[in-house]
Amino acid sequence: MSSDNRPDEQELKDQLTSFRESIDNIDAALVYMLAERFKITQKVGEYKAKYDLPPADKDREQRQIERLRRLAEDANLDPDFSEKFLNFIIKEVIRHHEQIREAEGE
Ligand SMILES: C=C(O[C@@H]1C=C(C(=O)O)C=C[C@H]1O)C(=O)O
C-alpha cells in the first residue's frame, strides 16, 4: 500500500508514537486486569484445596467460553482468538490450583 500524499518522516514518527502510547496504556491495563484475575483464582485454588474440590471444572469453562465467544462477536473480536486466549489463561490457573493442592497435601 502506498499513498500519493505520504506524510514526512517526522509526521510518520509522531503518529506511530501516538498510536504506541495508546497500545502501552492498553497493555498496562491488561497486566493489571490479569493480576486481579490471578489474585482471585488463587483464592479459589486455596478454597478448592481446603475442601478437596477438583482443580478444574470443565462445565464452568464451557459456559465461560460460550459467553466469551458471544461477547467477542458483539465487540468485533475474533471469537476463536478469544476462546484460545481464555483457554490459555485457564490452563495456567489450573496449573496453579494443582500446585496449591500438592502443597496442601504435603
Ligand atoms: C477458577 C476456577 O477454577 C478453574 C479455572 C477457571 C478460570 O480460570 O476461569 C474456571 C474453571 C476451573 O477449571 C473455578 O472453578 O471457578
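As a fraction of the 1.4 Å probe accessible area of the stretch 9-105, surface on carbon and sulfur atoms comes out at 55 percent. Converting phi to 3J(HN,Hα) with the Karplus coefficients 6.51, -1.76 and 1.60 and the offset θ = phi - 60°, the stretch 44-58 yields 4, x, 5, 5, 5, 5, 4, 9, 6, 9, x, x, 9, 9, 5 Hz in sequence order, with x at every glycine or proline.
When shorter helices are ignored and each DSSP H run of at least 4 residues is given -39500 (n - 2.57), the per-residue value for the chain at 222 nm works out to -29000 deg cm²/dmol.
Surface analysis of the chain yields an accessible area of 86 Å² per residue, using protein heavy atoms and a 1.4 Å probe. Here r is the Cβ-Cβ distance between D24 and R67 and R0 is 35 Å; the resulting FRET efficiency, rounded to 0.05, is 0.75.
Relative contact order (percent) for the stretch 9-105, with alpha-carbon contacts under 8 angstrom and 6 or more residues of separation? The normalised contact order for the stretch 9-105 reaches 34 percent. When nucleic acids and ligands are ignored and a 1.4 Å probe is applied, F81 ends up with an accessible area of around 110 Å². Each Lys and Arg Cβ is given +1 and each Asp and Glu Cβ -1; about its Cα centre, the stretch 9-105 then shows a dipole of about 560 debye.
In summary, the aspartates and glutamates within cross-link reach of K13, defined as a Cα separation below 19 angstrom excluding same-chain residues under 8 places away, comprise D4, E21, D24.
Once you place label points 7 Å from the Cα toward the Cβ at R6 and K84, how far apart are they in nm? Between R6 and K84, the simple spin-label model gives 3.2 nm. Both radii come from the Cα set of the chain: Rg as radius of gyration, Rh as Kirkwood radius; their ratio Rg/Rh reads 1.20.
The values are calculated or read from the model by the stated rules, or taken from the named source; none is laboratory data. Predicted model only: the values in this text are computed from it and were never measured. Cβ sites come from the backbone with ideal geometry, for glycine too, and all protein chains shown count toward neighbours. To get the accessible areas, we keep the full protein, side chains included, count just its heavy atoms, and leave off ligands, DNA and RNA. Shrake-Rupley method; radii C 1.70, N 1.55, O 1.52, S 1.80 Å.
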